[in-house]
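**Student:** Pasting a structure below so you can have a look.
The values are calculated or read from the model by the stated rules, or taken from the named source; none is laboratory data. Source: prediction; values computed, not measured. Heads up, the Cβs are rebuilt from the backbone with ideal geometry, glycines too, and the neighbour counts pull from every protein chain shown. The protein model used for the area step is the full one, side chains on, heavy atoms only, and it has no ligands, DNA or RNA in it. Shrake-Rupley method; radii C 1.70, N 1.55, O 1.52, S 1.80 Å.
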Amino acid sequence: MTIPPDYNAMPETEFRAMIRAFVTQAFPSELLHVARRVGPQEVADYNRRMAQQGWIAPAWPVEWGGMGLDTAHQIAFAEELAAIGVPRLHEMGLQMLGPLLMQFGTEAQKAQFLPRILSAADVWCQGYSEPGAGSDLASLRLSAVETPTGWVLNGQKIWTTMAHQSNRMFMLARTDPNPARKQEGISFFLVDLAWPGITVRPIRTLSDELEFCEVFFDDVQVPRDRLVGELHKGWTVAKALLGHERLFVGSPRYVRGAFDQLTEMVEALPPDAIAARERHMKLRLDYEDFLSLYADYSDFAKQGGQLGAEASILKLLSSEIYQRVTEEMLSLSAEAGVIADANTDQAEAATHFFQSRPSTIAGGTSQIQRGIVAKAVLGLPV
Ligand SMILES: Cc1cc2nc3c(=O)[nH]c(=O)nc-3n(C[C@H](O)[C@H](O)[C@H](O)COP(=O)(O)OP(=O)(O)OC[C@H]3O[C@@H](n4cnc5c(N)ncnc54)[C@H](O)[C@@H]3O)c2cc1C
């Protein structure tokens, strides 16, 4: 195995320049700055090049083929990609499953799955939500009944991002139908979407994209070696992604592109468009407040701090400001903003608008985030 350079020893400016130079020429230019989520097939070549370079997993430890970056360098890496205009990618294997397997997987599971995440041979999706079990995830009902060789799964998942472009799913299923607490009796499994009994049905979104799916399980046989962690303890596995990963959920990455575009639109308005300028200034003040809070939290994380429930404040601000910015873009675009196939800045405004709508739902709704902030940050009785 070639030993990668010690990136953490590099001065940050040099590190940033190195990342920027490579990614700028490796990422497909026609996909830079697109507002929608980009599918794995569209960036297969980029992923291959990043994997060859040894840069596909910035946060993973070196022993598992990652760059082993410390938090400061991870933040710098993410900021450089955002500055270049790399859009949202589908990286659940890298960002979610990989770290969970390192912590809870058997040696055989790590050896089988981690290299295939790194080489982008496998594309993973996350099967947690079900009809009736989203915010209240512990109410999930998809059943896993034990057999001599493993388990049989029956039930349904929904809102599974990119399931139709994935070959594998990490998922939660109920292994005990009558637990003392509903968070108990849930187990964490790894399934192949090509297994008999699994049906993936894409859902067309408001923005006319096929971004997420329903996934049905009818008597699906799961072998014993696909259980991750202890039986009935899947909740602990699923909840383990904490710490500085939380910072990235509330990063300004998506708001920034939209806000810059809004600013260009406002600058192009005639001098007497005073009301629009005032609205822009008000938004700008809130946007700058958010950026400064993000900078404080990221300094805290760089110094080794673990973000707790405060991360919910960032998630709230980034998603809600993103929506306000895109509403303003759409209103300034007037009727051109709703012509979906027009190749104009205004049509881009519509794309941003549609992309911003789910941001207050995915990853925990705004109401849930407010509940967390009220209880765990402000100590209010809720
Ligand atoms: C773009 C996108 C991608 C997604 N990708 C995935 C994925 O890959 N895998 C996956 O498993 N899931 C995914 N989800 C699902 C997501 O996790 C759920 O939509 C989310 O948890 C909310 O659950 P729900 O849709 O069932 O709404 P519900 O939980 O039914 O909520 C409905 C409304 O009630 C409010 N509400 C619920 N409980 C409370 C409460 N206690 N206090 C106050 N208000 C409350 C909510 O805020 C919301 O306004 C995705 C969702 C979106 C939008």
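**Student:** Remind me, relative contact order of the chain in percent, using alpha carbon pairs under 8 angstrom and six or more residues apart?
**Tutor:** The value is 13 percent.
**Student:** Could you work out the local net charge near Q221, counting Lys and Arg as +1, Asp and Glu as -1, over the other residues with Cβ closer than 14 Å to its Cβ?
**Tutor:** Net local charge, Q221 excluded: -3.
**Student:** Helix hunt in the chain: which complete DSSP H runs extend at least 30 Å axially by C-alpha with mean Kyte-Doolittle at least -0.5?
**Tutor:** Those that pass (Cα extent of 30 Å or more, hydropathy at least -0.5) are 311-333.
**Student:** If you plug each phi of region 127-136 into the Karplus form 6.51 cos²θ - 1.76 cosθ + 1.60 with θ = phi - 60°, what whole-Hz ³J(HN,Hα) values come out, in order, with x for Gly and Pro?
**Tutor:** 3J(HN,Hα) across region 127-136, in whole Hz: x, 9, 5, 9, x, x, 9, x, 4, 9.
**Student:** Whenever you get a sec, line up K239, K315 from highest to lowest accessible area (probe 1.4 Å, protein heavy atoms). Can you show the working numbers first?
**Tutor:** Numbers: K239 115, K315 15 Å².
The most accessible residue leads, giving K239, K315.
**Student:** Would you mind getting the Kirkwood hydrodynamic radius of region 144-295 from its Cα pairs, rounded to one decimal in Å?
**Tutor:** Hydrodynamic radius (Kirkwood, Cα pairs) of region 144-295 is 19.3 Å.
**Student:** Out of L100, A51, V255, whose Cα points farthest toward the positive end of the dipole of the chain (charges: +1 Lys, Arg; -1 Asp, Glu; placed on Cβ)?
**Tutor:** Toward the positive end, the furthest listed residue is L100.
**Student:** Determine the principal axes of the Cα atoms in the chain, then give the extent along each, sorted from largest to smallest and rounded to whole angstroms.
**Tutor:** 76, 48, 46
**Student:** Mind putting a number on the dipole of the chain about its Cα centre? Charges go on the C-beta only, +1 for Lys and Arg and -1 for Asp and Glu, and I need it in Debye to the nearest 20.
**Tutor:** 960
**Student:** Okay, next question. Could you give the accessible area per residue of the chain, probe 1.4 Å, as a whole number in Å²?
**Tutor:** With all protein chains present, the chain gives 48 Å² per residue.
**Student:** At a 10 angstrom cut-off on C-beta neighbours, averaged per residue, how do the peptides 281-289, 223-231 rank from highest to lowest?
**Tutor:** 223-231, 281-289
**Student:** Round to a whole angstrom and tell me the spacing of the C-alpha centers of region 151-204 and region 234-283.
**Tutor:** Value for the Cα centre distance between the two parts: 33 Å.
**Student:** Which residue, chosen from Q355, S187, T205, occupies the Cα position most advanced towards the positive end of the dipole of the chain, where the dipole is computed from +1 (Lys, Arg) and -1 (Asp, Glu) charges on Cβ about the Cα centre?
**Tutor:** S187
**Student:** Show me the three semi-axes of the equivalent ellipsoid for region 87-182, from the C-alpha gyration tensor (sqrt of 5 times each eigenvalue), largest first, rounded to whole Å. Can you show the working numbers first?
**Tutor:** Details: eigenvalues 118, 64, 30 Å².
Semi-axes from the Cα gyration tensor: 24, 18, 12 Å.
**Student:** Which percent of the accessible area of region 10-89 is formed by carbon and sulfur heavy atoms (probe 1.4 angstrom)? Intermediate results must be reported in sequence, preceding the final value.
**Tutor:** Numbers: 1790 of 3390 Å².
That fraction is 53 percent.
**Student:** Moving on to the next point. Would you work out the charge dipole size for region 1-160 about its Cα centre, treating the Cβ of every Lys and Arg as +1 and the Cβ of every Asp and Glu as -1, and quote it to the nearest 20 debye?
**Tutor:** On the way: 11 positive and 16 negative charges, 80 e Å.
The calculated dipole for region 1-160 is roughly 380 debye.
**Student:** Which value, in debye to the nearest 20, describes the size of the charge dipole of region 124-238 about its Cα centre when Lys and Arg Cβ atoms bear +1, Asp and Glu Cβ atoms bear -1, and nothing else is charged?
**Tutor:** It comes to approximately 180 debye.
**Student:** Another question, then. Rounded to the nearest 500, what is the 222 nm mean residue ellipticity of the chain from helices alone, with -39500 (n - 2.57) per DSSP H run of 4+ residues and division by all residues?
**Tutor:** Calculated from helices alone, the mean residue ellipticity at 222 nm is -12500 deg cm²/dmol.
**Student:** While we're on this one: Of H164, F77, A273, which is farthest on the positive side of the dipole of the chain, counting Cα position, with +1 on Lys and Arg Cβ, -1 on Asp and Glu Cβ, and the Cα centre as origin?
**Tutor:** H164
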